[in-house]
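Just below is one structure, and these are the notes that go with it.
The values are calculated or read from the model by the stated rules, or taken from the named source; none is laboratory data. Because the structure is a prediction, the values reported are computed rather than measured. Quick reminder, even Gly has a Cβ in these numbers, built from the backbone with ideal geometry, and neighbours come from all protein chains shown.
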Amino acid sequence: MPSNVDRLPPLWYSQGKMKPAKKKPLVAFLTDFGLDDPYVGIMKGVIHGISPDAAVVDVTHAVQPQNITQASFLLYASYRQFPENTVFVCVVDPGVGTERRPVLVRIPGYVFIGPDNGLFGFLNAVPGKSVVHLTNPAFFLPAVGQTFHGRDIFAPVAAHWTAKGEALLDGLGPRLPELVEFPGRFPDSKGNTITGKIMHVDRFGNLITNIRENDLRKFSFDPSGDTVTCGDTALFFASTFSDVPENAAGTLLGSSGHLEIFVRNGNAEKTLNTAIGDPIYVRKHHG
């Protein structure tokens, strides 16, 4: 009779420690589809139809419609928090059905699948990236339409990748040297001023900018004298939301490592009458 050990799932050993058998990659969705329509559920159904035991999670489906800049920022700010080998299926695709290219991008630890419209442009700076133009219909649904490549191309390719991984790379299509990028992704630092912009507004009305902690460090930012302004409002630099009075505006480094503007127990977007794309200024103090 086999022992209990014989019935255990396959294991491998590293430095004397047991590790479980390797799981299939996680598939994470980021779209502007919302949840009122069946589009997200359809893509998940396609994934499971090809790879029944694939694990699927959502990053967000609340990107503003067609807002590639916001989608790219949210992906950039969140992807490192996911486990290695996660496959991101990103569908914010106002050019669907046009000559814009469907792509798969592999970097060390992660894979990204979606349109080459600037959404993945931040990956150009990652060493060791591989970019593939998805052209092989063997990995798509049998009938590819002109309006829903999330269903017909991106979800099927992700499902096949969870099953075959690296072995799939060379069969998907030709390699590309670079990804499309859009201007203004990063803040501009000239003289005594950093000029950034609002990239995302969360559900609390907090304004998340493209100014990063490292940008402030290079600028030798001094919160006791330098200023952060949004429109005509000068903002107090805080460590926590509770550092400013009730309903007052302030700014801090948020959980994503980006400069964030808030109104304590209020809504900064409404209070300061701002929107995605509006400028934010950090200025050195003189005198």
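Just a few scattered comments:
- Unique residue being farther than 19 Å from Arg185 by Cα, assigned to a strand (DSSP E or B) and of a type outside the set (D, E, K, R) when the list is Val27, Val46, Val96, Val40: Val27
- Some residue of the stretch 76-89 being charged (D, E, K, R) and in contact (Cβ under 8 Å) with a residue 40 or more places away in the chain: no
- Within the stretch 188-211, the only residue that satisfies the criterion of being without any contact (Cβ under 8 Å) to a residue 60 or more places away in the chain and under 29 Å from Arg101 (Cβ atoms) is Asp188.
- Residues in the stretch 57-90 that are of a type in the set (A, V, I, L, M) and either crowded, with 16+ Cβ neighbours inside 10 Å or in a loop (DSSP other than H, G, I, E, B) (or both): Val59, Ala62, Val63, Ile68, Ala71, Leu74, Leu75, Ala77, Val87, Val89.
- On inspection, Phe73 passes the criterion of being aromatic (Phe, Trp, Tyr), within 12 Å of the chain's Cα centre (by Cα) and farther than 18 Å from Arg151 by Cβ.
- Residue within the stretch 213-232 that is farther than 30 Å from Ile113 by Cα, at pLDDT 90 or above and in contact with a helix residue (DSSP H, G or I) (Cβ under 6 Å, 6 or more places away or on another chain) present: no
- There is no residue in the stretch 108-129 that is touching a residue at least 40 places away in the same chain (Cβ under 8 Å), more than 21 Å from Val27 (Cα to Cα) and exposed (fewer than 14 other Cβ atoms within 10 Å of the Cβ).
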